[in-house]
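Participant: Let me begin by handing over the structure; questions about it come next.
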Amino acid sequence: MSETSSQLDLPLVMPDQAQKHVTVNEALLRLDALVQLSVESRSLSAQPAAPAQGGRWILPANASGDDWAYMTPGDIAIYRDGYWSSASPKAGWQAYVRDEGAPVIYKSGTWQAGAPAAVLAADPQGAQTRAVVITEELAALSGASVSSSAMIPDRAILLGVSVRTTAAISGASSFDCGIAGEPSKFGGALGVAEGASNIGVIGPQAFYADTAIMLSANGGDFAGGNVALAIHALLPVAPD
């Protein structure tokens, strides 16, 4: 019999074990840390000096600190009772990232922005057609253009990109939404007032590389403001 569970590595009570409450309590605390997962950040590279009890972070690459430097990038660092532990995610795990205000999903060995995919059609051999919405809020806009970390996925069939100005934009009189080389692909001269929105529908188009969304300022550089964006796409999945 394994000493831990297969999915969350919860410690299991062994036959004739003394002080069973220690193992049970540890399992409950680990469940408390990982179920309905919400983390502070996935971009903080320096281990916090005074973390809150129960604080959790997704470790970025090259994390530094007495404890974080020895953990694996992508793992979840958990601070509890004065010490750090970590948990390794499995494909399909989801987490809400507080400093991004958005969910992420663990797939293909990395944490990726976006909501869970809806399976529109599936085959017994594992082939699927998925509908995905990938979201991000670009905050404190600055400069002539800003690119998203959220990506149109490789091999996706893109339907469009929608945007909403969630905090009034300063500096620019309007903005375009597109990709590198096609700056207004999803809309041009978009509104800078809070609440302005646009649904940039295009004829379905296949993408063959992960592609960022780019916002370009018109009439002056961005000097502030926030824009939420959503990528709407179909994603084919090959058979197992």
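Participant: At a 10 angstrom cut-off on C-beta neighbours, averaged per residue, how do the peptides 52-60, 159-167 rank from highest to lowest?
Facilitator: Descending packing order for the listed peptides: 159-167, 52-60.
Participant: With a/c under 1.5 counting as rounded, go ahead and sort the stretch 67-154 into rounded, prolate or oblate using the C-alpha gyration tensor (a ≥ b ≥ c being the square roots of the eigenvalues; past the cut-off, prolate if a/b is larger than b/c, else oblate).
Facilitator: It comes out oblate by the Cα gyration axes.
Participant: Suppose R0 equals 35 Å. What FRET efficiency, 1/(1 + (r/R0)^6) with r the Cβ-Cβ distance, do V133 and S173 give to the nearest 0.05?
Facilitator: It comes out at approximately 0.75.
Participant: Around A144, which amide H atoms from residues at least 5 apart in sequence, or from another chain, sit under 5 Å from its own amide H, with H modelled in the peptide plane?
Facilitator: Amide H to amide H, under 5 Å and 5 or more residues apart or across chains, A144 pairs with F222.
Participant: Find the all-direction average of the projected area of the Cα convex hull for the stretch 114-237, expressing the result in square nanometres with one decimal place. Mind dumping the intermediate values first?
Facilitator: On the way: hull surface 29.0 nm².
Approximately 7.3 nm², given one-decimal rounding.
Participant: Here is a follow-up. Find the centroid of the Cα atoms in the stretch 158-196 and in the stretch 68-99, then give the distance between the two in whole Å.
Facilitator: 34 Å
Participant: Farthest toward the dipole's positive end in the stretch 49-162, which of L120, G160, A63, given Cβ charges of +1 (Lys, Arg) and -1 (Asp, Glu) about the Cα centre?
Facilitator: About the Cα centre, the residue reaching furthest to the positive side is L120.
Participant: OK, next. Which value, in debye to the nearest 20, gives the size of the charge dipole of the chain about its Cα centre, when Lys and Arg are +1 and Asp and Glu are -1 at the Cβ?
Facilitator: Once rounded to the nearest 20, the dipole reads 380 debye.
Participant: Another one. Expressed in whole Å with the largest first, what are the equivalent ellipsoid semi-axes of the chain derived from the C-alpha gyration tensor as the square root of 5 times each eigenvalue?
Facilitator: In descending order, the three semi-axes are 39, 24, 13 Å.
Participant: Moving to a separate point now. Over the stretch 114-237, what is the relative contact order in percent, taking alpha-carbon pairs closer than 8 angstrom and at least six residues apart?
Facilitator: Averaging sequence separation for qualifying contacts and normalising by length gives 41 percent for the stretch 114-237.
Here, each number is a calculation from the coordinates, and none is a lab measurement. Bear in mind the structure is a predicted one, so any value in this text is a computation, not a measurement. No Cβ is skipped: glycine too gets one built from the backbone with ideal geometry, and neighbour counts run over all protein chains shown.
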